[in-house]
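Trainee: Would you mind keeping the following structure in view while I ask a few things?
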Amino acid sequence: MQQTDKIGFLQMFQIAVAKPKEYKKALNVKKRTIIGFVILVALLAVLLGTIVPIVSFSFSIGGPKHFITETLPAFEYKDGIFHIDERVEIVDNGIRIIADSDVEEFKEDDVEDDTIVEILISKNNMRMKNSIASQQNMNFDFKDVGKGTFTNKDLLEYIPLLFLGLVLGAVVVFLATIYRYLISALIFAVCGRSVARAMRKDLSFGKCYVLSLMAKTSIEIVNCMGMAADITFMNSMVWAFISFGIIMAYLYFGIKEIGLNKASPEF
């Protein structure tokens, strides 16, 4: 077995993005280095795809407290009915929030496909969507909440809970990103194994999997940046095929430089 240089997960990330011809350096890294590398990619993905849009949105409304006390019209939830003095509609960096008590109920079709986070509040229900954590469209009927009263003043008391929810949400998105990244790399590991055989490279599936984790890095970061910038093209089938081609190109150049040749190809 060819010996490779010892590298850390930061150098592994640098190689993954900019130096596919040096992928062979990652073939013999320790498991903890691979774990650190995957965590780093997931952290960057969550930062660019989730935290940056939320922070940008928070600045755009002057912060939660200013928004509730100065910007948000007076509203009241009472005994299963929501009322707000005037319609509120905010669209910013893939985040869409609408509150309109003139609407009897928001339907599933009212949720847009190209948003990251969406909250729609009508007279009788609320719909929520987070396309990063999942594609689930959640609906809450106010009649199920029961009796009680809730106003702008009461909402101020829930600001700490809001921040806690955002932190917990970021953790869930982080874990979901790691899971998705590891699972999707399996598909490219299979493709990489076929490429390696065609090139007479004696690579195990495990090593092809490590190479696939690296090959996916650039596209993962680009996708998250595109999501943060609300670029709808990133959700198209055309971009999906382009992404697949780019990842396979990274894999090809990475495998090509590995000097583990067979006597004959296996198909």
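The values are calculated or read from the model by the stated rules, or taken from the named source; none is laboratory data. None of these values were measured; they are calculated from a predicted model. Backbone-built Cβ (ideal geometry, glycine too); neighbour counts: all protein chains shown. Please note that ligands, DNA and RNA were not included when accessible areas were found on the heavy atoms of the full protein model with its side chains. Shrake-Rupley method; radii C 1.70, N 1.55, O 1.52, S 1.80 Å.
Trainee: Could you give every pair whose Cβ atoms fall below 7 Å, whose first residue belongs to region 173-193 and is free of Cβ contacts under 8 Å to residues at least 40 places away in the same chain, and whose second residue is open to solvent by less than 30 Å² (accessible area, probe 1.4 Å) and among the hydroxyl-bearing types (Ser, Thr, Tyr), counting only separations of at least 6 or pairs across chains?
Mentor: That search, which allows pairs on different chains as well, returns Ala185/Ser212; Ala189/Ser212.
Trainee: Kindly indicate whether Gly245 is open to solvent by 30 Å² or more (accessible area, probe 1.4 Å) and more than 30 Å from Thr115 (Cβ to Cβ).
Mentor: No: the conditions fail for Gly245.
Trainee: Something else: All but one of (1) touching a helix residue (DSSP H, G or I) at 6+ places or on another chain (Cβ under 9 Å); (2) open to solvent by less than 50 Å² (accessible area, probe 1.4 Å); (3) farther than 30 Å from Phe233 by Cβ hold for Leu162; which doesn't?
Mentor: The one condition Leu162 does not meet is (2).
Trainee: Oh, and also: Out of all the residues in region 96-154, which are among the polar types (S, T, N, Q), exposed (fewer than 13 other Cβ atoms within 10 Å of the Cβ) and without any contact (Cβ under 8 Å) to a residue 24 or more places away in the chain?
Mentor: Answer for region 96-154, where residues must be among the polar types (S, T, N, Q), exposed (fewer than 13 other Cβ atoms within 10 Å of the Cβ) and without any contact (Cβ under 8 Å) to a residue 24 or more places away in the chain: Gln135, Gln136.
Trainee: Mind telling me which of the residues Phe9, Phe37, Phe67 ends up being within 20 Å of Ile247 (Cα to Cα), open to solvent by 30 Å² or more (accessible area, probe 1.4 Å) and not small (Gly, Ala, Ser)?
Mentor: So the residue among Phe9, Phe37, Phe67 that is within 20 Å of Ile247 (Cα to Cα), open to solvent by 30 Å² or more (accessible area, probe 1.4 Å) and not small (Gly, Ala, Ser) is Phe9.
Trainee: Which residues, counting only those in region 178-219, are assigned to a helix (DSSP H, G or I) and open to solvent by less than 10 Å² (accessible area, probe 1.4 Å)?
Mentor: Within region 178-219, Tyr181, Ala185, Ala189, Gly192, Ala196, Cys208, Leu211, Ser212, Leu213, Met214, Ala215, Thr217 meet the criteria.
Trainee: State which residue pairs qualify: first residue in a helix (DSSP H, G or I) and inside region 155-172, second residue among the basic types (Lys, Arg) in any location, beta carbons under 8 Å apart, and separation of 6 or more residues or different chains.
Mentor: Leu156/Lys65; Ile159/Lys65
Trainee: Mind checking which residues of region 220-242 are open to solvent by less than 60 Å² (accessible area, probe 1.4 Å) and hydroxyl-bearing (Ser, Thr, Tyr)?
Mentor: Listed by number, the list holds a single entry, Ser236.
Trainee: Quick one: in region 50-94, of everything that is outside any helix (DSSP H, G or I) and farther than 27 Å from Asp144 by Cβ, which residue is modelled with the lowest pLDDT? Can you show your working first?
Mentor: Filtering region 50-94 for residues outside any helix (DSSP H, G or I) gives 61-63, 72-94.
From what is left, the residues that are farther than 27 Å from Asp144 by Cβ are 61-63, 91-94.
Numbers: Ile61: 77, Gly62: 81, Gly63: 82, Val91: 84, Asp92: 76, Asn93: 68, Gly94: 74.
By that ranking, first place goes to Asn93.
Trainee: Please name all residue pairs, on different chains or six or more residues apart, with Cβ atoms under 8 Å, provided the first residue is in region 47-67 and is in contact (Cβ under 8 Å) with a residue 60 or more places away in the chain and the second residue is among the hydroxyl-bearing types (Ser, Thr, Tyr).
Mentor: Filtered contacts from region 47-67: Pro64/Ser58.
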